[in-house]
Amino acid sequence: MEAVRNFTMVPKGNGIGLKNIRERLNLIFSDAVFEITSQPGKGTVVRIEIPKYGGK
């Protein structure tokens, strides 16, 4: 799980694209949050926070 959280996991085959998601979020929203937590037997939580756009 640590390799997934740190985006250092080398997937077999096509992978799941988590690093791609994080990089795209950071390109558009530098203060976005992309976080993965997991507990065996309890499940996995993926948290994505995208800042509200103030706009004109």
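Here, each number is a calculation from the coordinates, and none is a lab measurement. These numbers come from a predicted model, not from an experiment. For neighbour counting, all protein chains shown are included, and Cβ atoms are generated from backbone atoms with ideal geometry for every residue, glycine included.
Between Asn20 and Ile48, the distance separating the two model label sites (each 7 Å from Cα on the Cα→Cβ line) works out to 1.3 nm.
May I ask you to compute the full-extension gain from Gln39 to Ala3, defined as 0.36 nm times their residue separation minus their alpha-carbon distance, rounded to one decimal in nm?
11.5 nm
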